[in-house]
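Below is one structure; the comments refer to it alone.
The values are calculated or read from the model by the stated rules, or taken from the named source; none is laboratory data. Since the structure is predicted, the reported quantities are computational estimates derived from the model, not experimental observations. Cβ atoms come from the backbone with ideal geometry, glycine included; neighbour counts cover every protein chain shown.
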């Protein structure tokens, strides 16, 4: 049985992950960490550096600002770490990569298996439709903090791997010039209770191709992170993502 620590157990995704972990007969929830306390039937801490227990893997659905503390515990205890948190800056990403020299780290801005297949499809479309205009529209609930979403950035980065001269344009407010052919437009919508929707538009002369993924519940992200945890505990130190797991 795989022993799991959930970092960010009190957040929206943390609660969903707790449910999914408890439903999985191969997993045991050891404890949780979060700045906000909840009345839950397992031991909790305010931050990872206070955790006294040991586990086989940490699944992190907290906040990017806690990453240094999380990495400190994980590297000190040599615990594999699944990072499902978004919003990291370059400095924080650098610390994650550095820590992956010591422990196995799985990092993805979107734990949905479907989204990661979508990114593969987008990259194939970008190769074939390299003269088309490309726009990415992401929609999320009105409580999401970061914009654009980490998934939208993942999609754009996938296109840029294929078309390295691409330039990101985040919305077009205040611009009065025409669209450049190498732009990737990235647009964020925040409203209602939308779990997550990502559409990549390839628009050419008199034809449009759209590749779209819609999340209908948050369970898909929790279950994806659990699959990542089961994959990660079998790996050596290094930096892993969905491409490694999906082959």
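Would segment 4-23 turn up any residue that is assigned to a loop (DSSP other than H, G, I, E, B), in contact with a helix residue (DSSP H, G or I) (Cβ under 9 Å, 6 or more places away or on another chain) and surrounded by fewer than 16 Cβ atoms within 10 Å (Cβ to Cβ)? No, segment 4-23 contains no residue that is assigned to a loop (DSSP other than H, G, I, E, B), in contact with a helix residue (DSSP H, G or I) (Cβ under 9 Å, 6 or more places away or on another chain) and surrounded by fewer than 16 Cβ atoms within 10 Å (Cβ to Cβ). Taken over segment 57-69, the criterion of being touching a helix residue (DSSP H, G or I) at 6+ places or on another chain (Cβ under 7 Å) and surrounded by fewer than 16 Cβ atoms within 10 Å (Cβ to Cβ) is satisfied by 68 alone.
Yes or no: residue 79 assigned to a helix (DSSP H, G or I), modelled with pLDDT of 95 or more, in the same structural domain as residue 15 (by TED's automatic domain parsing) and within 22 Å of residue 231 (Cα to Cα)? No. Take residue 88 and decide whether it is within 19 Å of the chain's Cα centre (by Cα) and more than 18 Å from residue 220 (Cα to Cα). For residue 88, the condition - within 19 Å of the chain's Cα centre (by Cα) and more than 18 Å from residue 220 (Cα to Cα) - is met. Among residues of segment 127-145 being under 18 Å from residue 157 (Cβ atoms) and buried (at least 22 other Cβ atoms within 10 Å of the Cβ), the one that is nearest to the chain's Cα centre (by Cα) is 138. Considering only segment 24-56, state which residues are in a strand (DSSP E or B), without any contact (Cβ under 8 Å) to a residue 24 or more places away in the chain and surrounded by 15 or more Cβ atoms within 10 Å (Cβ to Cβ). Once the filter is applied, which keeps residues that are in a strand (DSSP E or B), without any contact (Cβ under 8 Å) to a residue 24 or more places away in the chain and surrounded by 15 or more Cβ atoms within 10 Å (Cβ to Cβ), segment 24-56 yields only 45. Can you say whether residue 140 is over 30 Å from residue 78 (Cβ atoms), out of contact with any helix residue (DSSP H, G or I) (no Cβ under 7 Å at 6 or more places or on another chain) and at pLDDT 95 or above, as far as the supplied structure shows? It is true that residue 140 is over 30 Å from residue 78 (Cβ atoms), out of contact with any helix residue (DSSP H, G or I) (no Cβ under 7 Å at 6 or more places or on another chain) and at pLDDT 95 or above.
Which of the numbered conditions does residue 243 fail, given that it passes all the others? Conditions: (1) under 22 Å from the mean Cα position of the chain (by Cα); (2) in contact (Cβ under 8 Å) with a residue 60 or more places away in the chain; (3) surrounded by 14 or more Cβ atoms within 10 Å (Cβ to Cβ). Looking at each condition in turn, residue 243 falls short on (3).
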